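Let me begin by presenting the structure, written as structure tokens, before commenting on it.
Read-outs: derived from the displayed coordinates by stated rules, not from any lab. Fair warning: this is a prediction, and the values are worked out from it, not measured in the lab. Quick reminder, even Gly has a Cβ in these numbers, built from the backbone with ideal geometry, and neighbours come from all protein chains shown.
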Amino acid sequence: MARELTREEKRAIRALVTKWCANYDRECGCLPLDCECYMFGKCWTGAYCRYFREAVLPLDPALEVSLMTEGPRPDFKPCPICGGAVPADGRMAYCSESCARIALRRQKRDYMRKKRR
Ligand SMILES: [Zn+2]
């Protein structure tokens, strides 16, 4: 089931393309297609530009998750360590095992610092 893209998602797509897409040119738009970037006109999920999906979208993990998930927009919160997508159901505080470990290490370090004073 496709759904309409939110205003935030459209804005994020545009920002990603202008910043990262190797095929995008500020003057000409999409260079291989020789027209406005296909992704700028998207209003619904699904059928993304292949280059965008494979090379540009992964640069924004949270956006990738929300665009690649069909149906109602799932709730994600950003990982406090790397900014990746964490399901907001409260079971996990970080996106991955390694981020959780980094966070734990930081907590310990802060604790030790406070103790020393
Ligand atoms: Zn993370």
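Counting only residues at least eight positions apart within a chain, or on another chain, the lysines with an alpha carbon under 22 Å from that of Lys77 are Lys10. Once backbone amide H atoms are built at 1.01 Å from N, Lys77 has Val86, Ala88 as its partners under 5 Å, excluding neighbours fewer than 5 places away on the same chain.
Projecting the Cα atoms of Ile13, Cys28, Tyr94 onto the charge dipole of the chain (Cβ charges, centred on the Cα centre) puts Tyr94 farthest toward the positive pole. Each of Tyr111, Tyr24 was scored by other Cβ atoms within 10 Å of its Cβ. Listed from fewest to most, they are Tyr111, Tyr24.
Between Gly41, Gly83, Gly29, the Gaussian network model of the chain with springs among Cα atoms under 10 angstrom shows the greatest mean-square fluctuation at Gly41. Cα centroids of region 25-48 and region 72-117: 36 Å apart.
Where nothing but the Cβ of Lys and Arg (+1) and of Asp and Glu (-1) is charged, how large is the charge dipole of the chain around its Cα centre, in debye to the nearest 20? Numbers along the way, then the final one.
Details: 23 positive and 15 negative charges, 290 e Å.
That gives the chain a dipole magnitude of about 1400 debye.
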